[in-house]
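One structure is given below, encoded as structure tokens.
The values are calculated or read from the model by the stated rules, or taken from the named source; none is laboratory data. Just so it is clear, the model here is predicted, and its values are computed rather than measured. When we count neighbours, we look across all protein chains shown, and the Cβ atoms used for this are built from the backbone with ideal geometry, even at glycine.
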Amino acid sequence: MARPRSFDEAAVLRAARDQFWETGYAGTKVDDIAAVTGLGKGSLYGAFGDKHALFLRVYDHYCAEATEGTRRQLEGPDETAYRRLGDHVRAIAESVAADQARRGCLIAKSAAECAEHDEAVAARTRRVFGDLQEQLAACIAGAQRAGDIDAGPDPAHLAGLVLAVLRGLEALGKGGVEPDGLRAIAETALAVLPRPVKP
């Protein structure tokens, strides 16, 4: 019979995530993960497989948290959809502005480093971006039904624009753009969303 694990799996995954986040996939060695988790290589391999398998576990969990957090921020009644969308865009800008270490988003970092040559990462990245766009589109459609955004444009297209701005904010923040500049971009993105023409 297999022995029960004598470590906190969630804590190990968090430590591994932070190491990958700090040094990137290629820059992270199994020895580094062993050092930050306190586990030997044998225990790591036995519990999670090789470095790539461990990274995918970490990445899956991070992507799931990102989509769930976005869903919680954006879901709700049509009457407050426009406000929720604005709050979400501003919250991302503030989060990026507060990232003084310029660590950036693990999804963006992993996509830039790995997606070109790692289909497993690329597939997960496409899926999470698709999920985020769908959540944004649902919120925008609610704002359209409430009369706060012009009902003419396709909500999926507007959601794609908002998603591109949010991903761009993260890249700009990592590049050192000042917080006020990030906030101004967020406000401009909201301002260009088409509002209904009042009679």
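Worth a mention:
- Qualifying residue in region 116-126 (condition: in contact (Cβ under 8 Å) with a residue 40 or more places away in the chain, of a type in the set (Gly, Ala, Ser) and either surrounded by fewer than 18 Cβ atoms within 10 Å (Cβ to Cβ) or not in a helix (DSSP H, G or I) (or both)): yes
- Test: residue in region 151-158 that is charged (D, E, K, R) and in contact (Cβ under 8 Å) with a residue 12 or more places away in the chain: no
- Inside region 88-108, residues that are surrounded by 19 or more Cβ atoms within 10 Å (Cβ to Cβ) and of a type outside the set (A, V, I, L, M, F, W, C) make up a count of 1.
- Sole exception among (1) assigned to a helix (DSSP H, G or I); (2) under 13 Å from the mean Cα position of the chain (by Cα) for residue 104, by number: (1)
- Leading residue by the ranking (nearest to residue 142 (Cα to Cα)) among those in region 51-84 that are charged (D, E, K, R) and without any contact (Cβ under 8 Å) to a residue 12 or more places away in the chain: 83
For (1) surrounded by 15 or more Cβ atoms within 10 Å (Cβ to Cβ); (2) modelled with pLDDT of 95 or more; (3) of a type in the set (Ser, Thr, Tyr), each residue gets a yes or a no:
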residue	(1), (2), (3)
143	yes, yes, no
147	no, yes, no
166	yes, yes, no
170	yes, no, no
175	no, no, no
180	no, yes, no
184	no, yes, no
187	no, yes, no
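- Residue check for residue 194: farther than 20 Å from residue 87 by Cβ and not in a helix (DSSP H, G or I): no
- Some residue of region 61-82 being over 19 Å from residue 171 (Cβ atoms), surrounded by fewer than 18 Cβ atoms within 10 Å (Cβ to Cβ) and among the hydrophobic types (A, V, I, L, M, F, W, C): yes
Each row is one residue, and each column tells you yes or no for (1) assigned to a loop (DSSP other than H, G, I, E, B); (2) within 25 Å of residue 123 (Cβ to Cβ).
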residue	(1), (2)
17	no, yes
24	no, yes
39	yes, no
47	no, yes
57	no, yes
62	no, yes
79	no, no
86	no, no
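- Criterion applied to 91, 16 was being touching a helix residue (DSSP H, G or I) at 6+ places or on another chain (Cβ under 8 Å) and in contact (Cβ under 8 Å) with a residue 24 or more places away in the chain, and the one residue passing it is 16.
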